[in-house]
Each structure stands twice: as structure tokens, then as C-alpha cells.
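Laboratory data are not the source of any read-out in this text; all were calculated from the coordinates shown. This is a predicted model, so every value here is computed, not measured. Note that we place each Cβ from the backbone using ideal geometry, even for glycine, and neighbour counts take in every protein chain shown.
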């Protein structure tokens, strides 16, 4: 199976994102964008990018969270998206030590689901 390639990954704004934010964005585009359309990072609205950054910063603001994800930021960003959305993988699926997985799952669920959508201006919003 070919590896997922994010359209727009060469965007300067994407490259300026932290590893955690990049993982989060990659998971969002991989898991929750319509299969029949080709959506790109370039199509994120300013408000969508701002929400991504705000939610990721809020999740990582907790010192215990930072300790658990240290060295695994991109993986943690992906699992934050998958867990908050209720997908079949995430912090709880066994990739993390039990205490970390349980704690990070609880934190991610506090954020609730967040669904991207595209409108007539061709941009992606939440």
C-alpha cells in the first residue's frame, strides 16, 4: 500500500508547523477528507489553521502531556487527531505505555470532535 502524501506539504506554513502540528494535520487529511476529492493543505482557511495551532497548543500545554510525548511529537499529533475524532486507532491502541495512553486519551477526548468541511470559496473550515 502506498504511503499517504499530503498535498501542499511543501507549503511554507506547513513547514513552519511543529512536528506535533504536522502529525495532526497529516492524520486529519488522511482520515477525514473525502476520498472522492483531493484536498490540500494550501486550501486551509486562516481560521482553520489558527484552530489547528490553538488546539495543538492547548493539548500540549500540560506538563504531563509533554513528558509523555517527548521524542514522539509527530506520532502524538496523529494520535491526538485520531483519538479526538473517535477513530479506530489513537493513544489507546497499544503504541503508548499504558499510563501514557490512558492519560493522553482522556486529554484528547476533552477536546471533542472537529470536522473539516469545504465551502463555496474553496477553503477548508471547521
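For segment 108-126, filtered to residues that are within 15 Å of residue 62 (Cα to Cα) and within 14 Å of the chain's Cα centre (by Cα), the residue that is surrounded by the most Cβ atoms within 10 Å (Cβ to Cβ) is 108.
Listed here are the residues, each with its yes/no results for (1) closer than 21 Å to residue 126 by Cα; (2) out of contact with any helix residue (DSSP H, G or I) (no Cβ under 6 Å at 6 or more places or on another chain); (3) surrounded by 17 or more Cβ atoms within 10 Å (Cβ to Cβ).
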site: 21; (1), (2), (3): yes, no, yes
site: 27; (1), (2), (3): yes, no, yes
site: 40; (1), (2), (3): yes, yes, no
site: 61; (1), (2), (3): no, yes, no
site: 67; (1), (2), (3): no, yes, no
site: 84; (1), (2), (3): yes, no, yes
site: 94; (1), (2), (3): no, yes, no
site: 103; (1), (2), (3): no, yes, yes
